[in-house]
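Undergrad: Can you read through this structure? Questions will come right after.
The values are calculated or read from the model by the stated rules, or taken from the named source; none is laboratory data. Please read these numbers as outputs of a predicted model, since none were measured by experiment. Ideal geometry is used to build each Cβ from the backbone, glycine not excepted, and the neighbour counts take in all protein chains shown. Ligands, DNA and RNA are excluded from the accessible area calculation, which covers all protein heavy atoms including side chains. Shrake-Rupley method; radii C 1.70, N 1.55, O 1.52, S 1.80 Å.
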Amino acid sequence: MQKIIALACAALVAGTAAAAPGIPRGFLLYEKAAATKDSDPETVWKVSDSLKSRFALNPCGKNAPGGIGRVAARTVTFTGVPDFMKVEQVLLYGSRAGAERAMAQVRAALSACGAKKDGGSAYRYVSTAVAGLGDDALKVSGQVYYGRKAGVGGDRSVVVRRGNAVLVYLWAGEYSKPTKRDWADQMRDATKMTAKVCAIATCP
C-alpha cells in the first residue's frame, strides 16, 4: 500500500510539472493565420516563443521594458510591403507583481522617450488609460511630427495587464494624425484576448 501511495504521489508531482505555466499552441488570435501557407513574397509571418523577445512597444529603442520575470511568451509578427506591421504578444510573468512591474516600465519608457528628434522631425508618443479593460490598460500612439504637423509614419498599440499576463497589440503603418478609428482592430483583439487569457494566467 505504501508503495502504491508513493507511486501515486510521484505521478501527481510529475503531472504538476507537466502543467507548468505555458501558452498552448494556437492560443493567440493570429497563430492560425501565421500557420497558413502564404505565397505572397511581400508578406511575412513570424512566431516566436523566446522569453527574450523584445517588448513590442519599445519607445526607447534599448533597455526594452518588461523583459525580466517572464515564464512564458509568444510573439506573432506580420510584416507587409510597402510599410505595414502588426504584432500580437502575450507575456506571462512569474507573479502579478512581475506583470505590474512590466506595466510600470512601459509607462516609464513612454515618459523618458516620449519625443525623439531626428533632424527636422520628431517621433512622439502619447498614451491614455483605458478603463474597463483587464486590470490595467493603455492606448498608445507613436507618430512622426514636423513641428505640430503629423507626418507619414506611426504606430498604434494597446497594452493590457490581466493578472500575471501582459498583452500587446501593435499596428504600425503610414498613419497621419491619430484618430480614434486607428485603434479599432487593436481594441477588438485586446478585448478578445483579455477575455480568454485567464485560461493560462493567474487572475484575481
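Undergrad: Kindly indicate the residue of the stretch 97-111 that is over 17 Å from residue 128 (Cα atoms) and free of Cβ contacts under 8 Å to residues at least 40 places away in the same chain and also nearest to the chain's Cα centre (by Cα) among those meeting that condition.
TA: 101
Table: residues versus (1) touching a strand residue (DSSP E or B) at 6+ places or on another chain (Cβ under 8 Å); (2) farther than 21 Å from residue 175 by Cβ; (3) open to solvent by 20 Å² or more (accessible area, probe 1.4 Å).
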| position | (1), (2), (3) |
| --- | --- |
| 25 | no, yes, yes |
| 29 | yes, yes, yes |
| 32 | no, yes, yes |
| 45 | yes, yes, yes |
| 52 | no, yes, yes |
| 57 | yes, no, no |
| 68 | no, yes, yes |
| 74 | yes, yes, no |
| 91 | yes, yes, no |
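Undergrad: I've got another one for you. (1) in contact with a helix residue (DSSP H, G or I) (Cβ under 6 Å, 6 or more places away or on another chain); (2) over 25 Å from residue 66 (Cα atoms): which one isn't true of residue 181, the others all being true?
TA: Failing condition for residue 181: (1).
Undergrad: Residue 64: farther than 19 Å from residue 192 by Cα, touching a Lys or Arg at 6+ places or on another chain (Cβ under 6 Å) and not β-branched (Val, Ile, Thr), yes or no?
TA: Values: farther than 19 Å from residue 192 by Cα: yes; touching a Lys or Arg at 6+ places or on another chain (Cβ under 6 Å): yes; not β-branched (Val, Ile, Thr): yes.
It is true that residue 64 is farther than 19 Å from residue 192 by Cα, touching a Lys or Arg at 6+ places or on another chain (Cβ under 6 Å) and not β-branched (Val, Ile, Thr).
Undergrad: Look at residue 171 and say whether it is crowded, with 17+ Cβ neighbours inside 10 Å, over 14 Å from the mean Cα position of the chain (by Cα) and more than 18 Å from residue 73 (Cα to Cα).
TA: The answer is no for residue 171.
Undergrad: Output yes when any residue across the stretch 174-183 is more than 19 Å from residue 83 (Cα to Cα) and of a type in the set (A, V, I, L, M, F, W, C), and no when none is.
TA: No, there is no match, as no residue in the stretch 174-183 is more than 19 Å from residue 83 (Cα to Cα) and of a type in the set (A, V, I, L, M, F, W, C).
Undergrad: Separate question: Across the stretch 140-181, which residue is modelled with the highest pLDDT among those that are touching a strand residue (DSSP E or B) at 6+ places or on another chain (Cβ under 6 Å) and not in a strand (DSSP E or B)? Even if it seems obvious, please write down each step before you answer.
TA: Quick first cut of the stretch 140-181, residues touching a strand residue (DSSP E or B) at 6+ places or on another chain (Cβ under 6 Å) only: 140-146, 150-151, 153-161, 164-178.
From what is left, the residues that are not in a strand (DSSP E or B) are 164, 174-178.
Working: 164: 98, 174: 75, 175: 78, 176: 82, 177: 84, 178: 86.
This residue is 164.
Undergrad: Going by what's in this entry, would residue 28 be described as at pLDDT 95 or above and either on the phi < 0 side of the Ramachandran plot or out of contact with any Pro (no Cβ under 8 Å at 6 or more places or on another chain) (or both)? First the steps, then the outcome.
TA: Details: at pLDDT 95 or above: yes; either on the phi < 0 side of the Ramachandran plot or out of contact with any Pro (no Cβ under 8 Å at 6 or more places or on another chain) (or both): yes.
Yes, satisfied.
Undergrad: Now for a different question. Considering the stretch 174-204 alone, what residues qualify as being within 22 Å of residue 74 (Cα to Cα) and not hydrophobic (A, V, I, L, M, F, W, C)?
TA: 185, 186, 188, 189, 191, 192, 194, 196, 202
Undergrad: For the stretch 185-196, indicate whether the set of residues that are under 21 Å from residue 82 (Cβ atoms) and surrounded by 17 or more Cβ atoms within 10 Å (Cβ to Cβ) is non-empty.
TA: yes
Undergrad: Give the stretch 112-134 a look and list any residue that's over 18 Å from residue 168 (Cβ atoms) and open to solvent by 60 Å² or more (accessible area, probe 1.4 Å), or say none.
TA: Within the stretch 112-134, 112, 115, 116, 117, 118, 119, 120, 124, 131, 132 meet the criteria.
Undergrad: Out of the residues in the stretch 135-150 meeting the condition of being without any contact (Cβ under 8 Å) to a residue 12 or more places away in the chain and open to solvent by 50 Å² or more (accessible area, probe 1.4 Å), tell me which one is farthest from residue 172 (Cα to Cα). Steps first, please.
TA: Filtering the stretch 135-150 for residues without any contact (Cβ under 8 Å) to a residue 12 or more places away in the chain gives 147-149.
Adding the requirement that they be open to solvent by 50 Å² or more (accessible area, probe 1.4 Å) leaves 148-149.
Details: 148: 20, 149: 19 Å.
Filtering the stretch 135-150 for residues that are without any contact (Cβ under 8 Å) to a residue 12 or more places away in the chain and open to solvent by 50 Å² or more (accessible area, probe 1.4 Å), the one farthest from residue 172 (Cα to Cα) comes out as 148.
Undergrad: If a residue must be under 18 Å from residue 126 (Cβ atoms) and in a loop (DSSP other than H, G, I, E, B), how many such residues does the stretch 182-204 contain?
TA: The qualifying residues number 0.
Undergrad: Within the stretch 85-92, does at least one residue satisfy the condition of being in contact with a Pro (Cβ under 7 Å, 6 or more places away or on another chain) and closer than 21 Å to residue 22 by Cβ?
TA: Here is the first cut: in the stretch 85-92, the residues in contact with a Pro (Cβ under 7 Å, 6 or more places away or on another chain) are 92.
Next, from what is left, pick out any that are closer than 21 Å to residue 22 by Cβ: 92.
Within the stretch 85-92 (the criterion being in contact with a Pro (Cβ under 7 Å, 6 or more places away or on another chain) and closer than 21 Å to residue 22 by Cβ), the answer is yes, since at least one residue qualifies.
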